[in-house]
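Okay, structure first, notes after.
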Amino acid sequence: MKKHIYILLLIVISFVAKAQQLPHYSNYMVNDYVMNPAIGGSNSYFEGKSNNRYQWVGITDAPRTYILSVNGPTKSLKMGLGGLLFTDIVGPTRRTGFYLSYAYHLKLNEKIRLSFGITAGLLQFAVDGSKITLRDPSDAVISNGIQTALMPDFGAGFYLYSTDKKWYVGASVPQIMQNKIKFYEYSTSTLSKLATHYYATAGYKFDVNDDFKIEPSTCIKYVQPAPLQFDIGLRGIYKDKYWIGGAFRYLDAISAMVGITLQENILFAYSYDFTTTAIRKYSTGTHEIMIGLKFHQQKSATETSARMK
């Protein structure tokens, strides 16, 4: 009985109106493009990254998120293009989709750029009724089959940064349109809809010496009516190749992170979240694995190459 209640609770969390719908990312400072389309093309090369997040390990049907993203600049380095594919699974529910993005980068001076980005995509929400046990088997509210809802989505953001990636400040607004999620054509009304989220990120790299840097960062998230949530992170970077760090996520978890860059174009990152909420009694934590690849370096006399994060 408890398992059935838990599964139904996950459905409510995933689809109820104005709920927290988008997943968390512990490695937000390493793959920030997935949160802000304006970051696309901010480096002088293309990069592809894969995020794989396994949340609340030990709990049946806990959230799992898989993302594949690619972005890079045009030859002039004034515009950025990108896209991503993702699947977010919570118990019998699934959110799948893709986005394409465009960003324009303004040159404020030799060292500072300001970009504006937009993104558009298509989302599919699905509920597998065969995986849900109802108290009343004759209840027709949820079918035994797979019910799906398809809808467009849009987002926008800005990104202010230095060309050497020493510092950055950005903000984005996913799911602007708040489209309604309707699983049945004959349904005349629904409480479920896409909730507009608000993200803000910032970071700065301090040079300790020629080989070692320290980077504090933050990520602030808000969606009504959930409370404001923020991450405060700190990582140490050695020779732009190795890094180790940690982060505190308010009302959620403490994260430990490590990463390595191989041959200047292959990146591996791993994070482990120690849950601080009551759910820690049932879960052994959250794992997040990321693999990145830098390729197709754009050359320009007016821009210098930025190292891979």
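Filter segment 249-266 for residues that are out of contact with any Phe, Trp or Tyr (no Cβ under 9 Å at 6 or more places or on another chain) and of a type in the set (A, V, I, L, M, F, W, C); which is modelled with the lowest pLDDT?
Among them, the one singled out is LEU251.
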*In segment 57-71, what count of residues is obtained for those that are surrounded by 15 or more Cβ atoms within 10 Å (Cβ to Cβ) and either of a type in the set (Gly, Ala, Ser) or outside any loop (DSSP other than H, G, I, E, B) (or both)?*
9
*Go through PHE154, PHE248 for me and flag whichever is within 21 Å of the chain's Cα centre (by Cα), without any contact (Cβ under 8 Å) to a residue 24 or more places away in the chain and not in a loop (DSSP other than H, G, I, E, B).*
PHE248
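Within segment 282-304, how many residues turn out to be of a type outside the set (D, E, K, R), under 21 Å from ARG64 (Cβ atoms) and either in contact with a strand residue (DSSP E or B) (Cβ under 7 Å, 6 or more places away or on another chain) or assigned to a strand (DSSP E or B) (or both)?
Count: 8.
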*asked:* Every residue in segment 32-56 that is among the aromatic types (Phe, Trp, Tyr), under 20 Å from ILE118 (Cα atoms) and outside any strand (DSSP E or B), please.
replied: TYR33
*Do we find a residue being over 30 Å from GLY285 (Cβ atoms), modelled with pLDDT under 90 and more than 25 Å from the chain's Cα centre (by Cα) anywhere in segment 105-124?*
no
*Only one of (1) at pLDDT 95 or above; (2) of a type in the set (Gly, Ala, Ser); (3) crowded, with 20+ Cβ neighbours inside 10 Å is not met by GLY91, so which one is it?*
(1)
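Being closer than 20 Å to MET151 by Cβ, surrounded by 15 or more Cβ atoms within 10 Å (Cβ to Cβ) and within 14 Å of the chain's Cα centre (by Cα) is the requirement here; does TYR99 meet it?
yes
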*Please determine, by comparing only the residues of segment 1-56 that are touching a strand residue (DSSP E or B) at 6+ places or on another chain (Cβ under 6 Å), surrounded by fewer than 18 Cβ atoms within 10 Å (Cβ to Cβ) and of a type in the set (Gly, Ala, Ser), which one is modelled with the lowest pLDDT.*
ALA17
*With (1) outside any strand (DSSP E or B); (2) loosely packed, with under 14 Cβ neighbours inside 10 Å as the list, and ILE279 as the residue in question, which single condition is left unmet?*
(2)
*asked:* For segment 212-228, give me each residue that is touching a residue at least 24 places away in the same chain (Cβ under 8 Å) and farther than 17 Å from ASN27 by Cβ.
replied: PHE212, LYS213, TYR222, VAL223, GLN224, PRO225, ALA226, PRO227
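The values are calculated or read from the model by the stated rules, or taken from the named source; none is laboratory data. Treat the numbers as computed from the prediction; the structure is a model and nothing was measured. Using ideal geometry, Cβ is built from the backbone for each residue, glycine included, and neighbour counts are taken over all protein chains shown.
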